[in-house]
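Report on one structure; see the data block that follows.
The values are calculated or read from the model by the stated rules, or taken from the named source; none is laboratory data. All of these numbers come straight from a predicted model, not from anything done at the bench. Methodologically, a virtual Cβ is constructed for each residue, glycine included, from the backbone with ideal geometry; neighbour enumeration extends over all protein chains shown. Accessible surface areas use protein heavy atoms only, side chains included; no ligands, DNA or RNA. Shrake-Rupley method; radii C 1.70, N 1.55, O 1.52, S 1.80 Å.
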Amino acid sequence: MILEEELDSFKVRYSFNEEGITKGYILAEETIDVVNIIDVFTTEEYRRNGVSSEIFKYIINKYRGKKEKLMLEVRSKNIPAINLYRKFSFKEIYVRDNYYKDDDALIMEMML
């Protein structure tokens, strides 16, 4: 089950809950035409079990036709996350060289 928690007038946490356990969440920030994905987290013991995918499906269905696109930033070395985002048709649109001490940041978007 996906639960929505409004944190302020722009930020919403979408949590994946099962049997009273929060297994992961996505923190999103809504603007007029874009939803910025700020954080994607799955508890270590539930990773690779489709938790983030289920939350992304929920978010995509919620905003399709209401917003223009989803955007996010990810470390270029975080291959599992990048693969997840590509699964949902996110495309790399920009690289922030040396954004992190040891890595670049990829800016990705998915048109809704």
- Note down the relative contact order for segment 1-51 as a percent, whole number, built from C-alpha pairs under 8 angstrom at least six residues apart. 25
- Message: Take the chain, mark every one of the trypsin sites (Lys or Arg not before Pro) that falls in a DSSP loop and has at most 11 other Cβ within 10 Å, then report the longest stretch left between them, sites excluded.
- Response: 1-47
- Message: What is the sum of charges, Lys and Arg at +1 and Asp and Glu at -1, for the other residues whose Cβ falls under 12 Å from the Cβ of S52?
- Response: +3
- Query: For the chain, with only Lys/Arg (+1) and Asp/Glu (-1) charged at the beta-carbon, what is the dipole magnitude about the Cα centre, in debye rounded to 20?
  - Reply: 460
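Fully extended, how many nm does the chain gain between M111 and L3 (0.36 nm per residue separation, minus their Cα-Cα distance)?
36.5 nm
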- Query: How big is the accessible area of L7 in square angstrom, nearest 10, if you roll a 1.4 angstrom probe over the protein chains?
  - Reply: 80
- Query: Relative to a virtual label point 7 Å from the Cα of F10 in the Cα→beta-carbon direction, which members of segment 73-112 show backbone nitrogen distances below 17 Å?
  - Reply: 73
- the chain - percent relative contact order, Cα under 8 Å, separation 6 or more: 19
- Query: Among the DSSP beta bridges whose two residues both lie in the chain, what percent are antiparallel, rounded to the nearest 5?
  - Reply: 85
- Query: Considering the alpha-carbon set of segment 38-83 alone, what are its Rg and its Dmax in angstrom?
  - Reply: 12.0, 34
- Message: At q = 0.10, 0.17 Å⁻¹, what log₁₀ I(q)/I(0) does the chain have when each alpha carbon counts as one equal point scatterer in the Debye sum?
- Response: -0.29, -0.84
- Accessible area (Å², 1.4 Å probe, nearest 10) - D39: 60
- Query: If you take every DSSP beta bridge whose two residues both sit in segment 57-112, what share of them, in percent to the nearest 5, is antiparallel?
  - Reply: 95
- Note on the structure: For R64 and E44, extending 7 Å from Cα along the Cα-Cβ vector and measuring point to point gives, in nm, a value of 3.6
- Item | Nearest-10 value in Å² for the accessible area of V40, using the 1.4 Å probe | 40
